[in-house]
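For reference, the structure discussed in these notes is given below.
The values are calculated or read from the model by the stated rules, or taken from the named source; none is laboratory data. Keep in mind it's a predicted model, so treat the numbers as computed, not measured. Cβ sites come from the backbone with ideal geometry, for glycine too, and all protein chains shown count toward neighbours. Each accessible area value is taken on the protein alone, full model and side chains, heavy atoms only, with ligands, DNA and RNA left out. Shrake-Rupley method; radii C 1.70, N 1.55, O 1.52, S 1.80 Å.
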Amino acid sequence: ATALNRMASAESQLLLFWGFHPEVEVQYDASLSEENFAARAREVTRLHVFMHNVSDLAPLEDFSGLRELVVTLQTIPRIAGLHNCHQLERLLLTDVKLESMVGLGSCVRLRQLDLSRNRLKRIEGLGSLAQLETLWLNENQIRHIEGLSANRRLRRLWIARNEIEAIGESLDASPQLRELNIAANRLGTFRDIPNLARLRCLRSLTTADPHYGANPVCALYNFTTYCLFHLPQLGALDRTPVLDSARALAEATYGKKRMYYSMRIKAAQRLLANATDCALAARRQRGAQLELGLNVLLRQRADCAQELGERAGTAPPPPPTVGE
């Protein structure tokens, strides 16, 4: 009771005022008690905080009715105060210098999450977000795609301009994924493309984006052809619709390339086999020559030993053989 009789802080009132009157200046009411503040806070369903001096999200613990929260251009390195936001469906924390994703465990109805343009290094804290459908993590410092095994309803993943070098099997737990933007990372080889073929619902893949940039793999010869051949489910590649004619051309080109390189591989294998046979024959011939020369030297050695023995009046030792 004592806590409810305290006056609500200016920072808490700022959030409340923005929930009801986002278009006008905040007027601080020194007479507003925490009890009245909490009652009014529960009525707020949508809150946008932009370029205000909000140091953390702790005052949001009273906003249990929130369904949408947008906070941008602040300094909030940690997520706190959302433990009562069970109704939250859309959360955007962008440009807030966020360093960790931990703190979202109570937002079990969250469907859209945007944590772009922060300082995140890991994907974590999403284990309880089974309803999550859209996840934006662009422009962070993430090196690995991980922590998505519980988000089986994920349909859209944007993780452009990070530090990812490989995809591997990290998206196998997201069978409903339809859109993947992984532009401006560090993908450098073709080996990850076949891994995406297991995502049967994938319709849009972006590895090069006009806004974010491209991966090194995009500069490799026949990259587009390789993608279209291995990912027949795609409807758009790098923001460009995939036409039937382009897919047919890719299949024909890939078939020709595969036949060409298959012939080259077989030719190289034949050359290797011939070179190996020649090397073995040369080795045998050289071995025979060395053995013959060694026998001659051994006989000469025996003759010399015999002659020395005769001159010294002693019997010479028996001549050695090649195997001794």
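Worth pointing out:
- Rounded tilt (10° steps) of 10-20 against the dominant C-alpha axis of the chain: 80 degrees
- For the range 183-324, a/c is not less than 1.5, where a ≥ b ≥ c are the root eigenvalues of the C-alpha gyration tensor, and a/b tops b/c. That puts it in the prolate class.
- With the simple spin-label model, which puts each label point 7 Å out from Cα in the Cβ direction, the H83 to R247 separation comes to 5.1 nm.
- Extension gain (nm, one decimal) between Q300 and Q233, 0.36 nm per residue minus Cα-Cα: 16.1 nm
- For the chain, the solvent-accessible area of protein heavy atoms averages 57 Å² per residue (probe radius 1.4 Å; ligands and nucleic acids excluded).
- Helix-only CD estimate at 222 nm, as mean residue ellipticity for the chain, using -39500 (n - 2.57) per DSSP H run (n ≥ 4): -11000 deg cm²/dmol
- Taking one quarter of the surface of the C-alpha convex hull of the range 163-224 gives a mean projected area of 4.1 nm².
- Separation of alpha-carbon centers, the range 133-186 and the range 105-121, rounded to whole Å: 13 Å
- Förster-model FRET efficiency, 35 Å R0, R258 and H144, C-beta, rounded to 0.05: 0.65
- Between R153 and A267, the FRET efficiency from the beta-carbon distance, with R0 = 51 Å, is close to 0.50.
- For the peptides 289-296, 197-204, the ranking by packing is 197-204, 289-296, with the highest mean count of neighbouring Cβ atoms within 10 Å listed first.
- Volume of the convex hull of the chain (Cα atoms only), normalised per residue: 248 Å³.
- C-alpha long axis of helix 244-312 to longest principal axis of the chain, angle in °: 40 degrees
- Whole-percent carbon and sulfur share, accessible surface of the chain, 1.4 Å: 53 percent
- Spacing of the two label points (7 Å from each Cα toward its C-beta) at F50 and L280, in nm: 7.7 nm
- Placing pseudo-labels 7 Å out from each Cα toward the beta carbon at E163 and E291 gives an inter-label distance of 6.2 nm.
- Per-residue packing, averaged as other Cβ atoms within 10 Å, sorts the ranges 181-187, 114-120 into the order 181-187, 114-120, beginning with the highest.
- Largest-first ellipsoid semi-axes for the range 117-240, taking √(5λ) over the Cα gyration tensor eigenvalues, angstrom: 22, 17, 12
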